[in-house]
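Just so it is clear, none of the values below were taken in a lab; they were calculated from the coordinates. Predicted model only: the values in this text are computed from it and were never measured. Please note: Cβ atoms are built from the backbone with ideal geometry, for glycine as well, and neighbour counts cover all protein chains shown.
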Amino acid sequence: MWTRPLLKENAKNALRGRYWPAFAVALICSVLNSGQRVHTVYQRTVEYGRGHHYTYTTSTPLWGSLGIVGILLAVFFVAVLMVGQARFFMENRQGAAPISSIFSTFHRDGYWNLVKIKFLKGLYIFLWSLLLVVPGIIKAYQYSMVDYIAAENPYLPASRVFELSRAMTDGEKWEIFVLDLSFLGWYFLGALALGVGVFFVIPYYQATYAELYAALHAKALAQGISDEQELSGFVRY
């Protein structure tokens, strides 16, 4: 049974003496991942009638503004990098992990499987979101462990990865939601520091989620949902 204070205390212990590499990893991944949400603004002027102009602004996602190249980067690089981030923070629980761990997912035979898993994860959440906001949020929490499972075993079939994430989060989604809410104060304080302070909170958040996965991983093994052959831990490559 996990509790928010316990996860956060363990996260602090994992970051103690190892904060700056974790900060570098979180910064790299946050900046790249935000490219899928940050919008660039364009100003356009339309002429109508004789000598009259109308100026308006429009925006487009940063990766989208790069066209097909941006889409390819998001699908084949950034998405898989997020799995590498999960691996880094899980390795960091056991000792100082190298920053290069975030790129380990690109050097393994399971790379294409990870691309498929991440694409399907985004697609499923998007489709459920079309049913209204709440189903999309529920599905996002249901699949919140997908990156960690894929990081631990990148060879697992996508269907099994999603099945495990659903099982791990069964009965836990509300508590995970409350865990997220508990960071709002930290993010608010970070935003007050010209927004830059937010980046200093993210390592703490990611380390806490790594502790959450460790707790749900133990639950899965104890309940016979999975075994050590399927989820064998985070041995450094």
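Each Lys and Arg contributes +1 and each Asp and Glu -1, all at the Cβ; summed about the Cα centre of the range 82-153, the dipole is approximately 120 debye. Between Asp109 and Ile138, the C-beta separation translates, for a Förster distance of 41 Å, into a calculated FRET efficiency of about 0.80.
Note that the range 115-121 has calculated 3J(HN,Hα) couplings of 4, 4, 4, 5, 5, 5, 4 Hz, one per residue in order, obtained from phi through the Karplus relation 6.51 cos²θ - 1.76 cosθ + 1.60 (θ = phi - 60°); glycine and proline are x. Excluding same-chain neighbours fewer than eight residues apart, the lysines reachable from Lys12 by a Cα-Cα span under 25 Å are Lys173, Lys219.
Going by average Cβ neighbours within 10 Å, how do the peptides 124-136, 86-98 rank, with the highest at the top?
Values: 124-136: 13.0, 86-98: 20.2.
Sorting 124-136, 86-98 by mean packing, highest first, produces 86-98, 124-136.
Shape of the range 104-181 from its Cα gyration tensor (a ≥ b ≥ c, root eigenvalues): rounded if a/c is under 1.5, otherwise prolate when a/b > b/c, or oblate? Spell out each step's value before the answer.
Values: a/c = 2.32, a/b = 1.62, b/c = 1.44.
Because a/c hits 1.5 or more and a/b exceeds b/c, the range 104-181 counts as prolate.
Counting only aspartates and glutamates at least 8 places from Lys121 when in the same chain, those with an alpha carbon closer than 15 Å to its own are Asp147, Glu163.
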